[in-house]
């Protein structure tokens, strides 16, 4: 039987607003032990920031200056292999799970491993920066 994304996803999503400073986002990530921060403007998913973005940011930059857009998502009723393929195809480290604009969770390598699905890629870094490639 196929595992669904909803069965494997991380429900403890760490979010930040786009107008937060990257130094504040770094503190949020550190305290939450999170590699990826989902950027919400109100309830709207507008971007994603990873530890690579945080490390590459300059003093005074805001999350909206560094986040990756557009954000690719996966549906909760999709097979977990679809999330694995999205991560591999886009060379990204995390894909938000959303349905009808509602953020439900995220899937990354840790969730794939727990579901018994190996990563389909050799990742050199979290993702391509600042909107160069669609991000999850």
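Computed extension gain for residue 88 through residue 24, at 0.36 nm per residue and net of the alpha carbon distance, reaches 20.1 nm. Distance between the modelled labels on residue 61 and residue 41, one decimal in nanometres: 1.9 nm (7 Å Cα→Cβ projection).
Go ahead and estimate [θ] at 222 nm for the chain from helices alone: -39,500 (n - 2.57) per DSSP H run with n ≥ 4, summed, over the residue count, rounded to 500. Numbers along the way, then the final one.
Details: 6 runs with 42 residues, N = 136.
-7500 deg cm²/dmol, from helical runs alone.
Recomputing percent of Cα pairs over 21 Å apart from the coordinates shown identifies the correct label among (1) 49; (2) 35; (3) 38 as (2). For the Cα atoms of the chain, what angle does the longest principal axis make with the long axis of helix 22-32, in degrees from 0 to 90, nearest 10? Helix 22-32 sits at roughly 40 degrees to that axis. In this calculation the C-beta distance from residue 113 to residue 15 is compared with R0 = 22 Å, giving a FRET efficiency of 0.40.
Averaging sequence separations of C-alpha pairs under 8 Å and six or more residues apart, then dividing by the length of the chain, give the relative contact order as a whole percent.
Details: 284 pairs, mean separation 39.5, N = 136.
29 percent.
Read-outs: derived from the displayed coordinates by stated rules, not from any lab. None of the values given here were measured: they were computed from a predicted structure. We place every Cβ from the backbone using ideal geometry, glycine too, and count neighbours over all the protein chains shown.
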